[in-house]
Structure formats: structure tokens, C-alpha cells
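Report on the structure given below.
The values are calculated or read from the model by the stated rules, or taken from the named source; none is laboratory data. A quick note: this is a predicted structure, and the numbers were derived from the prediction, not measured. Here the Cβ positions follow ideal geometry from the backbone for every residue, glycine too, while neighbour counts run over all protein chains shown.
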Amino acid sequence: MKLAHRIFLGLALVIAVLVLLVVALSSARLKSELASSEVQRLTREARFVAAQWATAPNADALANSAGAALDHRVTLIDSTGRVIGDSEFDGPALALLQDHSTRPEVIAARRGDTGVSRRSSVSRGDDEIYVAVPGPDGGVARVSMSTGQLAGIVRRARNDVLLSGAIALAVALLIATAIARRVTRPIVELRDVARAVAGGDLSRRPVLASGDEVGELGNAVREMADQLSGRLEALEEEEELLLAALESLHEGVVAVDARRHVVRLNESARRILGVRDTVPFSATRLSHHPVIHRALEEALSGGRPEPSEIAIGTRIVAVTARPLHGGGALLALLDLTELRRLEAVRRDFVANVSHELKTPLTVIGGFAETLVSDDVPQPQRAQFAEAIRSNAERMRRIVDDLLDLSRIESGGWRPLPEIVDVRAIAEDVLNAVRSEGRNAGITFSMELAPDAPAVFADPTALRQILMNLVSNAARHTSVGGTVAVFTRADGEGTWIGVRDTGIGIAAEHLPRIFERFYRVDAARSREGGGTGLGLSIVRHLVEAHGGRVSAESRVGVGTSISTFFPALERSAGSA
């Protein structure tokens, strides 16, 4: 058995014996002292009750009130031994009580002494201490209490002693532990530090300060732990930096070890490949695309496959694989989807602009060459000049619209919204196009809702929006048709739109009518002088206000294009 264990057991045994002796002696002494003290107190209480009895008209009422005040049982016995008052019995129960003239304490009280006895109580079922004193007219006043109260006090005292002993035992054990540790602490400390360092906890250090061999061993262990900790911290910082850089890349990066297990991949790679597995996992679960598998196999074999471009779902991805020293491979995935989309948009835009400008340039060039000839009759010269002027004007409108659209999209223009009267701006717009519409037999009108007479918008932008919508509606409305500007209140803002009874738009064209240069009927739009940019400008102007656009149409019935402008409070909140 170890020394520390012997110290523990010895101290525990000594303290346990002492505690038991103290408990036994103190319990007996305390029990005796408490009984004597309670007898004296009961004697005083009985004499007080006897004094009150001399002037009380009702003995039972006195017993009840005295018992409630003293919290003890009070009994009043007449000279014949009959109970005439008891704090625990009333009425018929009082009359059924036994004759008390033979009770020891009553006999002693009748002799003029203070009677004290202790016996089991039939009514309470436990031991009682009875104290009786002489009362008026030969009667006896008795006060009693249960010994259970004294036993509770003794029990609590014994528990306190036991608790004190337990505390003393705990303190002794702590002292023994301190002594044992003082003896074995240096070796145990070195053992624990060595185990911690071996387990990877490099923060542990021995705190030995002795100058002996154990202290030198502690210094050596401390230096070893310091060196290991410094190297590990440098490696962790480098790994965190590498991981942060890897996760910040838009390019997907996948690291595969020599066993063909994926050991590292960043979030971009997970997004491109749709992988959610926890590393490590087999490289065969990366993707089912054959190009990726071939690139990985070639890189794992030490080769350098050529970069390739593949389609993964709706994404266009550039795939590059490179071998790693010591085995394994690194797979790089670059998402080119947005780049290719922008390239397609750029190509379409250039093609559309070229196409839109080519027609008027061809007309201008052709008529200009014709006018160079001196034999062109004067009426035809005027006709050719007018054609040149109208096509030049069309080119100017296209260039102006392109400049406006570029300025809006680049953020060079910001709306300055205010409360605008819709009717005033709508009348200006309708007056500007009414003469042309009257020649085509088109009727213009306004259908402004009473609860939507105004809108929170930039006045210039609103005028341009309505002008584009009304002009567009007039171009696609036949003779006898109608074009109406309408408003509609919404809980969050106001809808302003234009509806017509024109040729309508097929359902497959509706999602694209707000794209630049998109025309449902290109020939009709060009004949009417449209540039193909009006609805695109409308959409960008409305979105700059924080609003949105929508279109409804039926072929042969007409079209309704609506723009939504947020209310003043909502616009201020979003700003």
C-alpha cells in the first residue's frame, strides 16, 4: 500500500472514532440539559396559566387560548380530578377524558408541589413531559409537550457534529493529499507534462524550480515543449492562411492524395460539382464527367493534361489538373458561365447595333450617291433628301437611346424623386403624340384612379417612361384603336401603365420584350421609327426607382405594360 493511502486511511479512522465519541457524549448530555430546561419552562408556563385561571370565567376557553399562545397542551383539572379544560379537546371529547386524579403529576400538585412526569401519551402516540402546579379551589393546571421536539433538537445537533466531523475529515484528507503531492509532485508533474506533449497538448509546461537533477530534467522538457509549440503554431498559421486563400478563390480547387481520396476542396469546387460529402472521400464521387476522370487519372500518373472546357449542368467549366510531389493531384475548376454569357451578350449587342445602324447608313449612302448625279429630277431630289434626313434622325435616336441606356446602367444617372402629378405629365406626353395618332385614327385617353393621382418619381424619368410606352403603343395600334394611360393604387406604391388595343404580343415573346433591340415585329417597329431600346430604357429607369415592370398581352386584343413605383415611405426606407 502506498504511503499516501496509509495516511488517508489513518487520518480517516482517527477522525471517525473521535466524531463517534463526540456524538455519543454530546447527544446524552444535550438530551439531559434540554429536558431540564424544558421542565423549568413548562413550570413557568403552568404557574402563569394557574394565575390566569383564578380570574377566568371559563376554564375551557382559558385552556384553548393559553394552549394557542404557548404552543403547548394546557389542561385544567378540578379538585375531583375531572378535566374541565383542555386545549386539544372540546365539547363531547372533553367529557370523555379519563379521571386525572391518579396521575403522578396531579397527585404531586395537590400536595402543593410541582408535579413532573414523563410517559406515553394516548392522544398523541409518543412520549410527553407533563408539569402540573396547584390551581385555585384545589384544582391543578398542567402544561405538557412532546419529547419529539427535544429529539429533533438532539438529532439536529448530532447531524451538525457529524457534518463537522465530515468537514474535518475532508480537511484532513486535503492536508494528507498536499503532503503526498509535496513528496511525489515533481515526478508526477513531469510524467503528466510528457504525456500531454505526446498527446498533442503543447501548452503544458513543468513548473519545477529546484536545482537538482529533477529540476534539470524539467528544464529540458520545458525547452522541448517550447520548440515543438513554436513549430506547430507556425504550421497552423500557414495552414490557416492557405485555407483562407483557398476559400476566397472563385476557382474550385480539389486536392486528391495518392490513394485517390479527396482530402481538400474549397466551397467553389463544392458549388461547381454539387458535392456535399465530408472529406476524405473517394475521388470517383467527385463527378461522373469523363473529362474530369481522365484529367485526374493522367495527373495522378504524373502527367500534365491539357486544360479543357466542359459543361456541367448549366455551367461552363474550365478543367485543369496537375500532379503533386509525392503522389496525388490538384484539380482546378474555373466557372466560365458568366464570362461566356457576357461574351454572348456583347456579341449580340454589337451585332444588334451594327444591324440597326447598317440599314439607315445603307439608305443614306444609296440616296447620297444618287443625288451626286446631276440628272435627278427636282421632285426626286427632295424625296431622297427627306429619306436621308429621316434615316439620319433615326440614327440619332438610336445613338441617344444607347447613350441614355449606358448612362443609366453604369450608375451615372440617379433619380431625384418627388411627388409628381401624373395627369400633368400624361397630358404633355399625349399632346406630343396626339397629332400623329390622330392621323392614324388612334384615340388617346387617361384612366387615372382617384386614389392614385400622383406618384413619387423623378419627373424627367417619368416623362421619358410614358413617352416610350405611349409611342410604342401607338406604333403597334391599328386604325381606330385606343391608347390609354392608367394608374392604380397599391398598398406599397402606385402602378402607372399604358394599355392599347393593338396587335398584341405572343406569349413566347413577353419575357424578352424588355431586352435591348428585341423586337416582336422588326419590320413594323422600324417602319414606325422605333429603335428597339425604348422598353429596355423603361425597365432600367423604373428599377432605378426601386420599382419593377410587368407586361400582359393577347394577340389581336392588345397589350398592357405597367410600371410600379414604391411609395415615399418605402423608398426612403430602402434608401
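A Cβ distance below 8 Å, combined with a sequence gap of six or more or placement on separate chains, defines the contacts here; from segment 129-151, residues that are within 11 Å of residue 38 (Cβ to Cβ) and part of a helix (DSSP H, G or I) reach residues that are at pLDDT below 90 and charged (D, E, K, R) in the pairs 147/118; 147/126; 147/127; 147/128; 150/31; 150/38.
Step by step: first the residues of segment 413-422, then only those that are of a type outside the set (Lys, Arg) and not in a helix (DSSP H, G or I), then the one that is farthest from residue 493 (Cα to Cα). Which residue is that?
To start, the set of residues in segment 413-422 that are of a type outside the set (Lys, Arg) comprises 413, 415-422.
Keeping just the survivors that are not in a helix (DSSP H, G or I) gives 413, 415-421.
Values: 413: 22, 415: 17, 416: 17, 417: 13, 418: 13, 419: 12, 420: 13, 421: 14 Å.
Once the filter is applied, the top-ranked residue is 413.
Contact map, segment 232-257: first residue under 26 Å from residue 336 (Cα atoms), second residue of a type in the set (Lys, Arg) and not in a strand (DSSP E or B), Cβ cut-off under 6 Å, separation 6 or more or different chains; the map is empty. From (1) modelled with pLDDT of 75 or more; (2) surrounded by 14 or more Cβ atoms within 10 Å (Cβ to Cβ); (3) of a type outside the set (S, T, N, Q), pick out the condition that doesn't hold for residue 414. Status for residue 414: all satisfied but (2). Only residues that are touching a residue at least 12 places away in the same chain (Cβ under 8 Å) and outside any helix (DSSP H, G or I) were counted across segment 278-291, and they come to 7.
Which one is surrounded by the fewest Cβ atoms within 10 Å (Cβ to Cβ), of the residues in segment 49-92 that are assigned to a loop (DSSP other than H, G, I, E, B) and either in contact (Cβ under 8 Å) with a residue 60 or more places away in the chain or basic (Lys, Arg) (or both)? Outline the logic, then answer.
Start the filter on segment 49-92 by keeping residues that are assigned to a loop (DSSP other than H, G, I, E, B), which leaves 54-58, 71-72, 78-82, 87-88, 90-91.
From the residues that got through so far, the ones that are either in contact (Cβ under 8 Å) with a residue 60 or more places away in the chain or basic (Lys, Arg) (or both) too are 54, 72, 78-79, 82.
Values: 54: 10, 72: 22, 78: 18, 79: 13, 82: 16.
Filtering first and then ranking leaves 54.
Which residues, taken from segment 485-512, are modelled with pLDDT under 85, within 41 Å of the chain's Cα centre (by Cα) and not charged (D, E, K, R)? Those that are modelled with pLDDT under 85, within 41 Å of the chain's Cα centre (by Cα) and not charged (D, E, K, R): 491, 510, 511.
Restricting segment 267-282 to residues that are under 21 Å from residue 327 (Cβ atoms) and at pLDDT 80 or above, which is nearest to the chain's Cα centre (by Cα)? Selected residue: 269. Among residues of segment 292-309 that are closer than 12 Å to residue 329 by Cα and in the same structural domain as residue 258 (by TED's automatic domain parsing), those with a beta-carbon under 7 Å from a residue that is part of a helix (DSSP H, G or I) and acidic (Asp, Glu) at least six positions away or on a different chain give the pairs 305/298. Scanning segment 337-396 for residues that are at pLDDT below 70, within 30 Å of residue 271 (Cα to Cα) and surrounded by 14 or more Cβ atoms within 10 Å (Cβ to Cβ) yields a total of 1.
Would you confirm, using the coordinates I've provided, whether residue 496 is closer than 13 Å to residue 560 by Cα, in contact (Cβ under 8 Å) with a residue 40 or more places away in the chain and not aromatic (Phe, Trp, Tyr)? Break it down stepwise before answering.
Values: closer than 13 Å to residue 560 by Cα: yes; in contact (Cβ under 8 Å) with a residue 40 or more places away in the chain: yes; not aromatic (Phe, Trp, Tyr): yes.
Considered against the rule, which asks whether it is closer than 13 Å to residue 560 by Cα, in contact (Cβ under 8 Å) with a residue 40 or more places away in the chain and not aromatic (Phe, Trp, Tyr), residue 496 comes out as yes.
Somewhere in segment 423-438, is a residue among the polar types (S, T, N, Q), at pLDDT 75 or above and assigned to a helix (DSSP H, G or I)? So far as segment 423-438 goes, yes, one or more of its residues are among the polar types (S, T, N, Q), at pLDDT 75 or above and assigned to a helix (DSSP H, G or I).
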